[in-house]
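Before any comments, here is the structure.
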Amino acid sequence: MKLDRRMFIGGSLALGASACIPPDQSPVGRLAAELRIIEAASGGTLGVELYNTATGASVGINQDKRFGHASSFKFSLAALLLQRDAAGTIDADQKVTWTEADMLSHAPFTRERIGTGATLRELSRATQTTSDNPAANILLRYLGGPAGLTAFWRSLGDEVSRVDRFEPEMNLVPATEFRDTTTPAAMARTVAKIVYGDVLPEKERAELKQWMIETETGLKRVRAGLPEGWVAGDKTGTSGLIGTSEYNYIDIGFAEGPKGQPPITFACYLRARQTEDEMLAAPQAALAQVGRIIKEFAEPEKGLPLVGKLY
């Protein structure tokens, strides 16, 4: 499955042929139609919410459909650690150790530090920037387990997002699963509250935001579609269902354009069936196209509706 310019042009022509007059010719309607074209070209199910943090306006598709977090939950986990440290209920600079029994696949930080240990802050940064799996499990245990992270989301007004299991079981999320899921609409707003709201004090908010910018796993996803000069940070997730060809590709984060354009938060989820050879390249191209839509959504001349901030 290749995702290229011809497929997007073909999708545009197919959309035009299906109806002489688009059902919604508003700025939001046109952007949603573009997202539908990206979804059609991807061959999967695309869930997207783009959220304007200044006005509360949003645009997306399949915004209320549930998708698995994969590693994207680690962003909220890092935020929870920083929040509790700021509140004085946990010491982020406490040093902890772990053993071989804690190790999982993809452990670039914890494998290197298994003999010496690390602080909770170092583990938090590692799970955000490198998506280290053992680091996430160690943090999750110190922060009250899946119930503790779910309670954090509830405290933010997010009544949708949930985590029920540890790594790696929490990645086993077929389309019908309710556990370990969120929706694009819920997560885009949660990202906005954490990065731009009062969930964290200014110092901790800046620290987490810098970690997101330093995260390199998303450089070929949404951020790849943003114009030069934009500042963006994210947390990705990738998972596959054992014994199937179904894969999930996730990218959540923020994007800040130049010239005083309002920051946009995004939550993107793509569920697709692929061969091993197709894995990553085509989904990354689809998510990069969402980055192009973010630029259009942020342009003030689009005349998007003013509905007020939600936090």
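The values are calculated or read from the model by the stated rules, or taken from the named source; none is laboratory data. Worth saying up front: this structure is predicted, and the values here are computed from it rather than measured. Virtual Cβ from ideal backbone geometry, glycine too; neighbours counted across all protein chains shown.
Residue by residue through the range 226-258, note down the ones that are closer than 20 Å to ALA272 by Cβ, of a type outside the set (A, V, I, L, M) and more than 15 Å from the chain's Cα centre (by Cα).
GLY240, GLY243, THR244, SER245, GLU246, TYR247
All but one of (1) in contact with a Leu (Cβ under 7 Å, 6 or more places away or on another chain); (2) farther than 19 Å from SER76 by Cα hold for ARG113, so report the exception by its number.
Here ARG113 meets the rest and fails (1).
State all residues of the range 96-133 that are touching a residue at least 12 places away in the same chain (Cβ under 8 Å), among the acidic types (Asp, Glu) and in a loop (DSSP other than H, G, I, E, B); if no residue qualifies, say none.
Of everything in the range 96-133, just one residue is touching a residue at least 12 places away in the same chain (Cβ under 8 Å), among the acidic types (Asp, Glu) and in a loop (DSSP other than H, G, I, E, B), namely ASP132.
Going through the range 169-182 one residue at a time, which ones are over 19 Å from ASP251 (Cα atoms), among the acidic types (Asp, Glu) and either in contact with a helix residue (DSSP H, G or I) (Cβ under 8 Å, 6 or more places away or on another chain) or not in a helix (DSSP H, G or I) (or both)?
GLU177
Of all the residues that make up the range 196-225, how many are more than 19 Å from LEU270 (Cα to Cα), in contact with a Lys or Arg (Cβ under 6 Å, 6 or more places away or on another chain) and outside any loop (DSSP other than H, G, I, E, B)?
Number of matching residues: 1.
Across the range 22-79, what is the number of residues that are part of a helix (DSSP H, G or I) and of a type in the set (D, E, K, R)?
Total satisfying the criteria: 5.
What number of residues within the range 262-298 satisfy the criterion of being at pLDDT below 85 and touching a helix residue (DSSP H, G or I) at 6+ places or on another chain (Cβ under 9 Å)?
Going through the range 262-298 one residue at a time, the tally reaches 1.
Do we have any residue at all in the range 153-168 that's out of contact with any His (no Cβ under 7 Å at 6 or more places or on another chain), assigned to a helix (DSSP H, G or I), free of Cβ contacts under 8 Å to residues at least 40 places away in the same chain and at positive phi?
The answer is no, given that none of the residues of the range 153-168 is out of contact with any His (no Cβ under 7 Å at 6 or more places or on another chain), assigned to a helix (DSSP H, G or I), free of Cβ contacts under 8 Å to residues at least 40 places away in the same chain and at positive phi.
With the structure loaded, tell me whether THR238 is within 28 Å of LEU208 (Cβ to Cβ) and at pLDDT 95 or above or whether it fails that test.
No.
Given the criterion at pLDDT 95 or above, surrounded by 22 or more Cβ atoms within 10 Å (Cβ to Cβ) and farther than 24 Å from GLY240 by Cβ, identify the matching residue among ALA192, ALA147.
Selected residue: ALA192, the only one of ALA192, ALA147 that is at pLDDT 95 or above, surrounded by 22 or more Cβ atoms within 10 Å (Cβ to Cβ) and farther than 24 Å from GLY240 by Cβ.
Filter the range 283-293 for residues that are among the hydrophobic types (A, V, I, L, M, F, W, C) and within 14 Å of the chain's Cα centre (by Cα) and give the result.
First, pick out the residues of the range 283-293 that are among the hydrophobic types (A, V, I, L, M, F, W, C): 285-288, 290, 293.
Correct list: LEU287, ALA288, VAL290.
If we scan the range 130-139, do we find a residue that is more than 21 Å from ASP180 (Cα to Cα), hydroxyl-bearing (Ser, Thr, Tyr) and out of contact with any helix residue (DSSP H, G or I) (no Cβ under 6 Å at 6 or more places or on another chain)?
Taking every residue of the range 130-139 in turn, none turns out to be more than 21 Å from ASP180 (Cα to Cα), hydroxyl-bearing (Ser, Thr, Tyr) and out of contact with any helix residue (DSSP H, G or I) (no Cβ under 6 Å at 6 or more places or on another chain).
Kindly provide the set of residues from the range 206-226 that are farther than 18 Å from ALA188 by Cβ, in contact with a helix residue (DSSP H, G or I) (Cβ under 6 Å, 6 or more places away or on another chain) and not aromatic (Phe, Trp, Tyr), ordered by number.
Of everything in the range 206-226, those that are farther than 18 Å from ALA188 by Cβ, in contact with a helix residue (DSSP H, G or I) (Cβ under 6 Å, 6 or more places away or on another chain) and not aromatic (Phe, Trp, Tyr) turn out to be GLU214, LYS220, ALA224.
Anything in the range 226-244 that is part of a strand (DSSP E or B) and either touching a residue at least 60 places away in the same chain (Cβ under 8 Å) or within 27 Å of PRO174 (Cα to Cα) (or both)? List them, or say none.
ASP234, LYS235, THR236, GLY237, THR238, SER239, GLY240
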